[in-house]
Amino acid sequence: MSNSTPSRTGSQLRERARTPTVQELSQIPWLQALTEGERVRAEDALVVSEAQSGDFICRIGRPVTYWFGLVDGLLKMSNDDSQGPVITFTGVAPGGWFGEGTVLKHEHYRYNIQALRKSRVAGLPVETFDWLLDHSLGFNRFVMHQLNERLGQFIAAREIDRLNNPDLRVARNLAALFHPLLSPNVGGILRITQQELAYLVGLSRQRVNEALSTLTAKGWIRVEYGGVRVLDLQSLRSGALDAPTD
């Protein structure tokens with residue numbers, strides 16, 4: 001995605017970091033798994049920052065310093081275009097936390113995370129992440145489930161890459177954005193434009209529009225003002241269309 005202004009880096013986002021509000025803390029799903037003492041320690045360490053469209057939250061080759069989550073907005077995970085065409089691995093919807101594998105291994109990032117629109121991003125310092133792993137059973141369970149679901153998501157993404165049916169590509173990508181664990185705060189409707197969905201799926205906006213019409217006719221989704229409402233998540237995940245389209 002091209003931008004007319006330079007993309008900001010993670011260090012600049014940290015300069016604008018602030019303490020999360022009570023409402024923002026209520027939107028962080030894994031806090032519910034902590035004991036009172038663990039939660040106090042986590043809340044004291046958490047920060048929130050505003051990312052503008054095009055900002056990079058994580059960049060390939062940078063050392064990990066935070067475990068990140070999306071409070072509001074839309075992000076994409078992709079490779080580095082210096083090695084060829086950009087490939088989007090997945091989108092990140094509200095409530096989604098990402099990069100736990102990199103944090104666990106204290107590695108440098110192997111992917112970019114970029115804001116597709118103005119977004120609020122929360123960050124937990126690596127030191128606090130490590131402390132919770134050492135002391136919190138509930139946090140360990142959350143991270144374990146997160147890693148397991150993430151593995152399934154990327155296996156599904158490989159299958160999506162092999163689909164030659166654009167309608168099914170859009171369906172599977174929408175289903176991933178409505179994942180109840182990886183995107184718990186989306187609810188029934190995802191605030192997303194056709195252009196943003198096109199960036200995530202790797203199709204033109206016109207072709208995405210055609211696919212949304214097909215999925216609407218099937219009764220799987222309903223396009224509403226400013227977003228998409230899922231009516232049949234199971235069909236989006238595994239349903240078959242009558243005939244492939246080019």
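Which condition from (1) outside any helix (DSSP H, G or I); (2) among the hydrophobic types (A, V, I, L, M, F, W, C); (3) at pLDDT 95 or above is the one that Val86 breaks?
(3)
Answer yes or no: is there a residue in segment 108-125 that is surrounded by fewer than 19 Cβ atoms within 10 Å (Cβ to Cβ) and assigned to a helix (DSSP H, G or I).
No, segment 108-125 contains no residue that is surrounded by fewer than 19 Cβ atoms within 10 Å (Cβ to Cβ) and assigned to a helix (DSSP H, G or I).
Please specify each residue of segment 87-102 satisfying the condition of being β-branched (Val, Ile, Thr) and without any contact (Cβ under 8 Å) to a residue 60 or more places away in the chain.
Passing the criteria: only Thr102.
Can you tell me which of (1) among the β-branched types (Val, Ile, Thr); (2) touching an Asp or Glu at 6+ places or on another chain (Cβ under 6 Å); (3) open to solvent by 50 Å² or more (accessible area, probe 1.4 Å) is the one Ile87 doesn't meet?
(2)
The values are calculated or read from the model by the stated rules, or taken from the named source; none is laboratory data. These numbers come from a predicted model, not from an experiment. Glycine also receives a Cβ, built like all others from the backbone with ideal geometry; neighbour counts cover every protein chain displayed. We work out accessible area using only protein heavy atoms, side chains counted, and drop any ligands, DNA or RNA first. Shrake-Rupley method; radii C 1.70, N 1.55, O 1.52, S 1.80 Å.
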